[in-house]
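Reviewing the structure listed below.
The values are calculated or read from the model by the stated rules, or taken from the named source; none is laboratory data. The shown structure was predicted, so the numbers you read here are calculated from the model rather than taken from an experiment. So basically every Cβ, Gly included, is an ideal-geometry build from the backbone, and we count neighbours across all protein chains shown.
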Amino acid sequence: MPDAPDPRENGPPVFDAAFRARLGDLFAWRRDVRRFRADPVEEEVLRACLGLAALAPSVGNSQPWRFVRVSDPARRAAVTADFERCNAAARDSYTDARRALYAGLKLAGLKEAPVHLAVFCDGATEAGHGLGRATMPEMLRYSAVAAVHAFWLAARAHGLGVGWVSILEPARITRLLDVPEAWDLVAYLCVGRPQEEHADPELVRHGWQARAPESAHLHER
């Protein structure tokens with residue numbers, strides 16, 4: 001039986017007002033999730049999200065992102081231990097009320113999330129032949145970040161929650177996961193079905209940081 005035709009071969013799609021409204025909902029309801037259900041993530045859903053992440057823009061079409069699924073219990077426990085160590089140090093860097101507020105925040109779902117994904121940027125990739133990187137070599141890492149965001153939105157559209165854990169020591173995680181030295185850790189993601197749904201960010205709800213108005217981010221010259 002021949003393969004089904006690719007709908008993208010029929011010309012560009014039309015993104016109407018209804019689609020734009022739904023897209024706005026997707027962006028608004030993308031949350032940094034820390035509380036996960038124990039339900040396993042279906043392999044086909046995870047693969048679909050990773051496939052969409054691979055459509056992210058990248059400098060020179062270098063596609064430098066490398067997703068590593070961390071399934072080994074010992075490695076996951078070691079990542080959790082590193083988080084707990086780094087989190088305690090971060091907590092102790094604050095004083096008084098801010099320290100107490102920090103201590104009450106849940107900042108990772110490492111123990112609950114059924115899927116752990118470490119996302120690296122391959123700094124040694126020859127793909128793209130260096131295009132766009134001579135003056136801004138950091139564009140490789142930015143490209144990997146774009147893939148993370150694409151995965152995040154795709155996961156949300158499939159009913160998954162994603163939590164980005166940054167309270168980790170990158171060099172330690174790189175050694176722990178036994179990846180090439182040229183791979184730089186960009187993100188450590190917890191993935192699973194969320195326990196709850198909220199339109200407001202966790203840090204807004206718990207009084208850590210309010211959202212700035214849109215006008216604060218646009219400057220004219």
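For residue 207, are the conditions met, namely being closer than 20 Å to residue 59 by Cβ and in a loop (DSSP other than H, G, I, E, B)? Before the answer, list the steps.
Details: closer than 20 Å to residue 59 by Cβ: no; in a loop (DSSP other than H, G, I, E, B): yes.
Judged against the criteria, residue 207 is not a match.
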(message) From the list 175, 221, 156, exactly one residue is of a type outside the set (Phe, Trp, Tyr) and in a loop (DSSP other than H, G, I, E, B). Which is it?
(response) 221
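Do we find that residue 78 is surrounded by fewer than 20 Cβ atoms within 10 Å (Cβ to Cβ), touching a Lys or Arg at 6+ places or on another chain (Cβ under 9 Å) and either part of a helix (DSSP H, G or I) or without any contact (Cβ under 8 Å) to a residue 60 or more places away in the chain (or both) in this structure?
Working: surrounded by fewer than 20 Cβ atoms within 10 Å (Cβ to Cβ): yes; touching a Lys or Arg at 6+ places or on another chain (Cβ under 9 Å): yes; either part of a helix (DSSP H, G or I) or without any contact (Cβ under 8 Å) to a residue 60 or more places away in the chain (or both): yes.
Here the answer is yes, as residue 78 does meet what is asked.
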(request) Report, by residue number, each residue of the range 63-75 that is over 19 Å from the mean Cα position of the chain (by Cα) and either of a type in the set (S, T, N, Q) or in a helix (DSSP H, G or I) (or both). (result) 73, 74, 75
(message) Tell me yes or no: at least one residue of the range 195-202 is out of contact with any strand residue (DSSP E or B) (no Cβ under 9 Å at 6 or more places or on another chain), at pLDDT below 95, more than 20 Å from residue 80 (Cβ to Cβ) and small (Gly, Ala, Ser).
(response) yes
(request) Being touching a residue at least 12 places away in the same chain (Cβ under 8 Å) and more than 26 Å from residue 31 (Cα to Cα) narrows it down to one of 156, 172, so name that one. (result) 172
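Could you list, in sequence order, all residues of the range 163-217 that are of a type in the set (Lys, Arg) and either touching a His at 6+ places or on another chain (Cβ under 8 Å) or farther than 21 Å from residue 112 by Cα (or both)? Outline the logic, then answer.
Within the range 163-217, the first condition is being of a type in the set (Lys, Arg), and the residues that meet it are 172, 175, 193, 205, 211.
Within the range 163-217, 172, 175, 205, 211 qualify.
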(request) Pairs only if they're at least six apart or on different chains, beta carbon under 8 angstrom, first in the range 47-59 and over 21 Å from residue 126 (Cβ atoms), second modelled with pLDDT of 95 or more and of a type in the set (Val, Ile, Thr); list them, first residue then second. (result) 53/148
